[in-house]
Amino acid sequence: MRRRTLNLIPHAVMILAILLFALPIWIAIAGSTQDSAAIARGDVSLIPNLSGLGVYRDVLMNGSAGAGPVWRALLVSAGMALAIAFGKIALSLPSAYAVTFFRFPFRMAAFWLIFLTLMLPVEVRLIPTFQVMSSLDLINSFTGLTIPLIASATATLLFRQTFLAVPDELVEAARIDGAGPLRFLRDILIPISGANIAALFVILFVYGWNQYLWPLLVATDPKLDTVVISIVKMIGVDTATEWNKVMATAVLALIPPVAVVLLMQRWFVKGLTEGDK
Amino acid sequence: MAGLQLDGLRKSFGSNEILKGVDLALADGEMLVIVGASGCGKSTLLRVVAGLETPTAGRVQIDGRDVTDLDPSARDIAMVFQNYALYPHMSVFDNMAYGLKIRGLPRAEIRAKVDAASALLGLEALLERKPRQLSGGQRQRVAMGRAIVRDPKLFLFDEPLSNLDAKLRVQMRGEIRRLQRRLKVTSLYVTHDQVEAMTLGDRLLVMHQGVPVQLATPTEVYARPADTYVAGFIGSPAMNLLPGLLGRNGTMVRVADADIDLGPQRLDRPDGHPVILGIRPEHVVLDASGMTWPVEVVEHLGAEMLVHAGRPGEAALTLKIANGTPLSDAIRVSFPSAHIHVFDQATGLRFESIGSGPSSS
């Protein structure tokens, strides 16, 4: 019985924490179905008004004052997040492979150069990066939106750590079996790093989806508004803000990253528990 | 034709010379075990033969073909690693088939080869499993299977049994021997375990600090160790090595205050020459008229017991005798002359008798 009372305290703390995290999301869901003026007054009921669900269809198709239809923004966001996640993985797999498994002149110099970019994220070099994109005539383009965010070292470092843990004998066994460098990367290294790739994909997708500063700067064309930018644009300075639409958009913006985390989590937890190495 | 031939093989890492000139020839189908303490260069030697390391000097020939400058995959070899090095994401079948797939063999042929190898190793029921679902012994078999399907000119074993428990090691040791005999593939087997070395090899190569010190059959290495290093390394517990002086025209060694007769042996060195007398613990006999040694520790091994005798700071003597033999605080022992080995104290090399020596092959 002593045990039971002891368990009560952690449970209480956990329940409190869950409420703390879940309540704002619930308020957004409930609020999205209610009257905009009531929300503006601070009068949000915690019970959703089911007849107000039409607002989702409305924002998806027509958007709100100050921002275009949300389906478009979601598409831009998804494109950007996927391009960043896949781009970074595609770039860092070979670069980590090179610095880990091959001896070439200035190998460590190359590694430290890659490492250095960790200290210089886009936010730090915002103005020069904008200058470069502008010179390349990439302002207001999907390429300009994604390329600067793809080039970074985080993924390279993570893959390097993964690759360093691969036993030498595995590399040697493959050499004796006759697998060349690219074949080894494709047949052995990438499959056994599957769990890490999945984990990294989740992190990078969420990172890409949540980008705000760079898209704000580089894409002024409303066609390239991401869903994060759209939310900001909906909160009008001069016009009356349609708070129910803002909340509906926020809920819609939440769904894809949550879905990716949930779907991929099953996959990479499976990979981790089956212990590939 | 020689299955494997090494000529003047040297390997240095920076200024650190690991292999200091190794010459070796293996007959076709022979199994040679390389044994030595860690750091003696035995693994480096194997890796140079495999092509995973490039030699600093010397040539490697496999089945009469110079392969020194060839890639590992072009040498027609197969290697079994200590940690098995199975591809963790592939099934047992794919692990065995991978090398064949890369070589572009037709699917049916791959299937046939893998089926034959897995039948030989008793792996038929496990072909769809992943390595992590296998026990240590099964993984070891898959690693063997991967080597067998290649049908290579040369098998290389790098301490393949070190990761197994004692019982399984004995069983797999037998299996490897049977397989090698049956397949008649020239094999190089590296181990630090002297029991494996004695039981597996047609011949034994003892290495010490990058140099081969003795190449002979296991019986020969045991009966006539080439120097004090081999004498101390092969045999468990190690051979007793007692410093002494030669006397009586080379027919006697004076150890401490006892004269030990060499029997019919006679050594061609002046009296007073410093030597080391060697006798294995299992060859020392209790003898009421022999020299006296105080007993320090007794260890019971079951059927036998080990008696450690000697005074602290002086030469020590180990005996292996039948368990239950009554002992007092001091024992009297003698050394049968047929089992005495004599080495030069300065060089450590074995002295050969110029008279009639002990009758051992």
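Of note:
- The listed peptides A:16-27, B:175-186, ordered by packing as a protection proxy, come out as B:175-186, A:16-27 (highest mean of other Cβ atoms within 10 Å first).
- Ranking B:H341, B:P294, B:P72 by how far each Cα lies toward the positive end of the dipole of chain B (charges on Cβ) leaves B:P72 at the top.
- Too-long pairs where the Cα-Cα distance tops 19 Å, listed order kept, from B:K101/B:K184; B:K113/B:K184; B:K130/B:K184; A:K88/A:K233: B:K101/B:K184; B:K130/B:K184; A:K88/A:K233
- Averaged over the residues of A:179-186, the number of partner chain Cβ atoms lying within 10 Å of the residue Cβ comes to 1.
- Computing FRET efficiency as 1/(1 + (r/R0)^6) for B:E220 and B:D71, where r is the C-beta to C-beta distance and R0 is 35 Å, gives about 0.40.
- Note on chain B: helix-only mean residue ellipticity at 222 nm, from DSSP H runs of 4+ residues weighted -39500 (n - 2.57) and normalised by residue number, equals -7000 deg cm²/dmol.
- A straight Cα-to-Cα reach below 20 Å connects B:K320 with the aspartates and glutamates B:E282, B:D287, B:E296, B:E299, B:E304, B:D329, residues fewer than 8 places away in its own chain not being considered.
- B:D115 versus A:F101: modelled label distance in nm, points set 7 Å from Cα along the beta carbon direction: 3.3
- Among A:I190, A:I89, A:I176, the largest mean-square fluctuation in a Gaussian network model of chain A, built with springs joining Cα atoms closer than 10 Å, belongs to A:I176.
- Chain A, relative contact order in percent, only Cα pairs under 8 angstrom and at least six apart counted: 32
- Selection of trypsin sites (Lys or Arg not before Pro), the range A:24-102, meeting DSSP coil and at most 10 other Cβ within 10 Å: A:R41
- Here each label is just a point 7 Å from Cα along the line to Cβ, and for A:V13 and B:S337 those points are 8.4 nm apart.
- Evaluated with a Cβ-only charge set (Lys, Arg +1; Asp, Glu -1), chain B carries a dipole of roughly 1360 debye about its Cα centre, given to the nearest 20.
- This model, with +1 at the C-beta of Lys and Arg and -1 at the C-beta of Asp and Glu, gives the range B:91-130 a dipole about its Cα centre of some 160 debye.
- Think of chain A as having a plus end and a minus end, set by charges on the Cβ of Lys, Arg, Asp and Glu; of A:T5, A:G52, A:P191, A:T5 sits farthest toward the positive end of this dipole.
- Residue ranges B:208-220, B:291-303 sort as B:208-220, B:291-303 when ordered by packing (mean number of other C-beta atoms within 10 Å per residue, highest first).
- On the basis of the beta-carbon distance and an R0 of 56 Å, A:D43 and B:A125 show a calculated FRET efficiency of 0.20.
- Fully extending the segment from B:A108 to B:A315 would add 67.8 nm, taking 0.36 nm per residue of separation and subtracting the current Cα-Cα distance.
- Straight Cα distances below 17 angstrom link B:K20 to the lysines B:K11, B:K42, with same-chain residues fewer than 8 positions distant left out.
- Inter-label distance, A:A151 to B:V285: 8.7 nm, where each label sits 7 Å from its Cα along the C-beta direction.
- Calculated FRET efficiency for the pair A:E123/A:F21, C-beta based, R₀ 22 Å, to 0.05: 0.25
- Potential lengthening between A:L91 and A:A65 on full extension [0.36 nm per residue; Cα-Cα distance subtracted]: 5.4 nm
- Cross-link partners of B:K167 among aspartates and glutamates, defined as those whose alpha carbon lies under 14 angstrom from its own and excluding same-chain residues fewer than eight positions apart: B:E175, B:E196.
- Net charge dipole size for chain A [Lys, Arg +1 and Asp, Glu -1 on Cβ; Debye, nearest 20]: 600
No value in this document is a laboratory result; all are computed from the given coordinates. Every value quoted in this text rests on a predicted model; they were computed, and no experiment measured them. Cβ: placed from backbone, ideal geometry, glycine included. Neighbour counts: every protein chain shown.
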